1. Return a yes/no flag: does the range 185-194 have any residue that is surrounded by 15 or more Cβ atoms within 10 Å (Cβ to Cβ), of a type in the set (A, V, I, L, M, F, W, C) and at pLDDT 80 or above.
2. Within the range 75-105, count every residue that is assigned to a strand (DSSP E or B), more than 15 Å from the ligand (Cβ to nearest atom) and open to solvent by 10 Å² or more (accessible area, probe 1.4 Å).
3. Looking at the range 42-65, which of its residues are open to solvent by 10 Å² or more (accessible area, probe 1.4 Å), aliphatic (A, V, I, L, M) and either within 11 Å of the ligand (Cβ to nearest atom) or modelled with pLDDT under 95 (or both)?
4. Among the residues of the range 158-177, count how many are within 9 Å of the ligand (Cβ to nearest atom) and among the aromatic types (Phe, Trp, Tyr).
5. Would you confirm whether or not the range 43-60 contains a residue that is touching a His at 6+ places or on another chain (Cβ under 8 Å) and part of a strand (DSSP E or B)?
6. Quick check on my filter: what residues within the range 106-157 are in contact with a strand residue (DSSP E or B) (Cβ under 9 Å, 6 or more places away or on another chain), among the charged types (D, E, K, R), within 15 Å of the ligand (Cβ to nearest atom) and open to solvent by 40 Å² or more (accessible area, probe 1.4 Å)?
7. Among the residues of the range 83-106, are any touching a Lys or Arg at 6+ places or on another chain (Cβ under 8 Å), small (Gly, Ala, Ser) and closer than 22 Å to Arg135 by Cβ?
8. Mind checking which pairs have a first residue in the range 18-39 that is at positive phi and a second that is open to solvent by 40 Å² or more (accessible area, probe 1.4 Å), Cβ under 8 Å, 6 or more apart or different chains?
Amino acid sequence: MDFNFSVNDVLPVRFTCIDGSMLPDTFHSADRQEVAECQHKVAVILDKIGESSGIAQGLQSPVTSADRLRNSDHKVYLLTNSEGAGGLGTVVGLLKIGRKKLYIFDAAGKHHELTPICVLDFYVHESMQRAGCGRMLFEHMLQEEHIAPEFLALDRPSEKLMGFLKKHYNLERIIPQSNNFVVYDRFFSVDPELLPGYKSNIKIDYRRAAGKGSFSVARASGRAFVNRPAASMDKAQRL
Ligand code: ACO
């Protein structure tokens, strides 16, 4: 994806992380004009690639945009190709993550209030898909966030993302949830109390839960999830 300015000037390294400040983690200047110019270009990049991601997923509105990232505690990792667009550089992909407070069922049907890192948006430009770019970007994020893929929650993952996780990380069996998020069975391979944001003192009205004591672990099958418990105890706020 190219732009009418030099991507390499704004994003000078292959992997960049942008947070609510709207500045790349590589940016170092106290000059107000330079800050404003950089923020503007970052906004243009995020809006354009966010829109393409939304279109690729058939969403009504993009999950990633400058407005949505600005002042949030989420992060967008970008992968660039410095040789693209005749040396101006191109943006190849985005991966947006952030923590969300969620109620998550374990395989026994017990709720846990947690604040996991969630994959909110993931996109590689059509011209570069299935060439390992997604894996590179994902691996970079895992390293930066010091997390293993099984401890991520995924916001409404697409078939492609599920295929990606199965192929690269052998993640296949999901635990059905009462919200739009997906976790895999290995999410609970450690004691839930050790997971980020665990809260032991919540009171859960189990009568509002699915009406059964345990849930079967199901094979991942795309955007519509099977065996979802009927009652929604989702307290996560969709972007
Ligand atoms: N159909 C099925 N599986 C696919 C497809 C596809 N069109 N594209 C990628 N995959 C999966 C496959 O397992 C594939 O392996 P294979 O080619 O051997 O079958 C594997 O991903 C390829 O791995 P990479 O090359 O590292 O991944 P890629 O660069 O293609 O990026 C991504 C993966 C980001 C999912 C990309 O396909 C994409 O942008 N898809 C469209 C947008 C999308 O669905 N994003 C996820 C939204 S859900 C969310 O973000 C929570």
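1. First pass over the range 185-194, keeping only residues surrounded by 15 or more Cβ atoms within 10 Å (Cβ to Cβ): 185-188, 192.
Now drop any that are not of a type in the set (A, V, I, L, M, F, W, C), which leaves 187-188.
Filter once more, so that each one left must be at pLDDT 80 or above: 187-188.
Yes; the residues of the range 185-194 include at least one that is surrounded by 15 or more Cβ atoms within 10 Å (Cβ to Cβ), of a type in the set (A, V, I, L, M, F, W, C) and at pLDDT 80 or above.
2. Filtering the range 75-105 down to residues assigned to a strand (DSSP E or B) leaves 75-81, 90-99, 102-105.
Still in the running and more than 15 Å from the ligand (Cβ to nearest atom): 103-105.
Adding the requirement that they be open to solvent by 10 Å² or more (accessible area, probe 1.4 Å) leaves 103.
Count: 1.
3. In the first step, residues of the range 42-65 are kept if they are open to solvent by 10 Å² or more (accessible area, probe 1.4 Å); the result is 43-44, 47-48, 51-52, 55-62, 65.
Cutting the leftovers down to aliphatic (A, V, I, L, M) gives us 43-44, 55-56, 59.
Ile55, Ala56, Leu59, listed by residue number.
4. Filtering the range 158-177 for residues within 9 Å of the ligand (Cβ to nearest atom) gives 158-168.
Next cut, among the aromatic types (Phe, Trp, Tyr) only: 164.
The number of residues fulfilling the criteria is 1.
5. The answer is no, given that none of the residues of the range 43-60 is touching a His at 6+ places or on another chain (Cβ under 8 Å) and part of a strand (DSSP E or B).
6. Within the range 106-157, Arg130, Arg156 meet the criteria.
7. Yes; the residues of the range 83-106 include at least one that is touching a Lys or Arg at 6+ places or on another chain (Cβ under 8 Å), small (Gly, Ala, Ser) and closer than 22 Å to Arg135 by Cβ.
8. Listed by first residue and then by second, the contacts come to Met22/Gln39; Met22/Arg70.
The values are calculated or read from the model by the stated rules, or taken from the named source; none is laboratory data. It should be emphasised that the depicted structure is a prediction, and the values quoted were computed from it without experimental measurement. In this analysis, Cβ positions are derived from the backbone assuming ideal geometry, glycine residues included, and neighbour counts consider all displayed protein chains. Quick note on the areas: whole protein, heavy atoms, side chains included, nothing else; ligands and nucleic acids left out. Shrake-Rupley method; radii C 1.70, N 1.55, O 1.52, S 1.80 Å.
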